[in-house]
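Just below is one structure, and these are the notes that go with it.
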Amino acid sequence: MRKKMTSQEAIAEAKRCLNCTVPSCRLGCPIDNNIPEFLHALSLGNMGDAFASLAKDNALPAICGRLCAHEKQCEQKCILSKDGSPLNISALETFIAEFAYDHGLTPIDKSTGFAGKVAVIGSGPTGLTVAGELAKKDFDVTIYEGQHELGGVLLYGIPEFRLDKNIVHKEINNLVNYGVKYVTGALIGKDLTLDDLFANGYQAVFIGIGSALPMTLDIPGHDLTGILSATYFLRMVILANSGKLDNKETFLNSEDEVVIIGAGNVAIDAARTAAARGAKLVTVVYHKSPAEMSCLSAAYTAAVKEGIQFKFQRQPTAYLNSKQMRTLGANRRHQDIIDNTKVAGIMLQNVEKDANGKFTNSGGQDVIPCTCIILAIGQRPAAHVFSTTKGIRIDEQGFVVTMEHPYGMTTRPGVFSGGDVVNGPSTVVLAIEDSKKVVSGITEYIAEL
């Protein structure tokens, strides 16, 4: 986990800001944080003003400080990056938020609820942002969460080495200070329906349930055991680490040879988690080049340092059992007990991208022995909310169709949606960016009622 800055270090780093007339760092921020403003306040040692500026534009500043791709956004745009020494905006953002939480700073007044009443379904980054931003606008907001604790993917899908769970709890507590209420253990579609929420006086409902169902590869051998999704694996590990689950439930042993398919942040999180839990060998397989990886560059660098291997421009074509591996002469070690229902390897086809951007067979195949395969190739939304209500249009892939005006409203009036359930899996900061636009749409809709 990243080392925290001291107050002296943070102030000294903030003083390096040139206060540009046209701040290019701000142009690189998807959620338009007023970076020069909070850095100037920090440089003067005024933590209250620094947090007030940061919290004004971002409901989850400490989480963004850790998870946002600053090196591709604000820090890349920083004028000092031309000399190879951009401001460490991510660390400063994290420092300000944590200092505020640790010292009880609350720059935003608690909502009176006079602006209207809104229900938020889901408490991942999208749901929490919508709830927080609405509370700042004086709405009466209640989050409905199917689990017994708020946080969604922030709590159950991101490893501790990337996001300290105490930070998630602090961010949620800060939203409670804004006036956000919540109900846990309430699965919308099963325990309550959207009709029930409207009957309870809510003027608008926001659906932010993410994309929880993992995509799979429909290739030969897909019914073998030992193949699981990265989101499920990470959730099981987090529960095991917290003592809520037996370690056996993580489906990983110290002698396992693990293959991860995919190269986004979830894939690299799964690879590093498998390595940290003692897997003998971890290999990431990706059908594109290293330059096309969607994960954070810092995460890739850390994975390489931790001994994780990468095979680029390889496309999986078949999962293999022990009998098939013996036929190919690819078994790595002798097995006294043969279980042909379990995965024992994977066949990969070498691919390359042609002039039209399509991937084609470039000749040659690899066979990798493995005892566990973890898929991180995307997710799609669950249907429990939409199967119990009428009037919400879903596209052929299961994602919610929304309008541009008012932004984020579905085909059912008063029901809004955003984040992964609309746009597909993306980064936390892009989910937050979309959430803020949806809040504007909800505000506009309720104002016209």
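Any read-out appearing in this document is the output of simple, stated calculations on the displayed coordinates, not a laboratory observation. Nothing here was measured: the structure is a model prediction, and the numbers come from that model. When we count neighbours, we look across all protein chains shown, and the Cβ atoms used for this are built from the backbone with ideal geometry, even at glycine.
Can you figure out the FRET efficiency of Asn253 with Ser289, using R₀ = 25 Å and their beta-carbon distance, to the nearest 0.05? Don't skip to the end; give the middle numbers.
Working: r = 32 Å, r/R0 = 1.30.
After rounding to 0.05, the efficiency reads 0.15.
Can you tell me how the stretch 148-256 classifies by the Cα gyration tensor, rounded, prolate or oblate, using a/c under 1.5 as the rounded cut? It comes out oblate by the Cα gyration axes. Any idea how far the Cα center of the stretch 387-421 sits from the one of the stretch 162-180, in Å? When both Cα centres are located, 28 Å separates them.
Short to long, the 5 Å bins of the Cα pair-distance histogram for the stretch 216-273 hold 4, 17, 26, 25, 18, 7, 2, 0 percent of all pairs.
Taking each DSSP H run with n ≥ 4 as -39500 (n - 2.57) and averaging over every residue of the chain yields -10000 deg cm²/dmol at 222 nm.
So for the stretch 56-164, averaging the separation of alpha carbon pairs under 8 Å that are six or more residues apart and normalising by length, what relative contact order in percent results?
Details: 133 pairs, mean separation 27.6, N = 109.
Answer for the stretch 56-164 is 25 percent.
Tell me, what is a quarter of the convex hull surface for the C-alpha atoms of the stretch 7-102, in nm² with one decimal?
Its average projected convex-hull area is 5.4 nm².
Restricting the trypsin sites (Lys or Arg not before Pro) of the stretch 305-414 to loop positions (DSSP other than H, G, I, E, B) with no more than 15 neighbouring Cβ atoms within 10 Å leaves Arg332, Arg333, Lys358, Lys390, Arg393. The charge dipole of the chain, taken about its Cα centre with unit charges on the Cβ atoms of Lys, Arg (+1), Asp and Glu (-1) only, comes to about 820 debye. Which of the three applies to the stretch 273-414, rounded, prolate or oblate, going by the alpha-carbon gyration tensor with a ≥ b ≥ c and a/c under 1.5 meaning rounded? Prolate.
For the stretch 32-152, take the convex hull of the Cα atoms, compute a quarter of its surface area, and give me that in nm², please. Write down the numbers at each step before the final one.
Values: hull surface 33.2 nm².
Mean projected area for the stretch 32-152: 8.3 nm², to one decimal.
With respect to the chain, whose longest principal axis is taken over its alpha-carbon atoms, helix 47-57 is tilted by about 70°.
Per residue, the convex hull spanned by the alpha carbons of the chain comes to 167 Å³.
Over the chain, what is the relative contact order in percent, taking alpha-carbon pairs closer than 8 angstrom and at least six residues apart? Can you show the working numbers first?
Numbers: 918 pairs, mean separation 66.7, N = 449.
Taking the mean separation of contacting Cα pairs over the length of the chain, I get 15 percent.
Could you tell me how many degrees, from 0 to 90 and to the nearest 10, lie between the Cα long axis of helix 89-102 and the main elongation axis, the longest principal axis, of the Cα atoms of the chain? With rounding to tens, the tilt is 60 degrees. With a Cα-only, solvent-free Debye model of the stretch 338-449, what are the log10 I(q)/I(0) values at q = 0.11, 0.18 Å⁻¹? The calculated log intensity ratios at q = 0.11, 0.18 Å⁻¹ are -0.61, -0.95.
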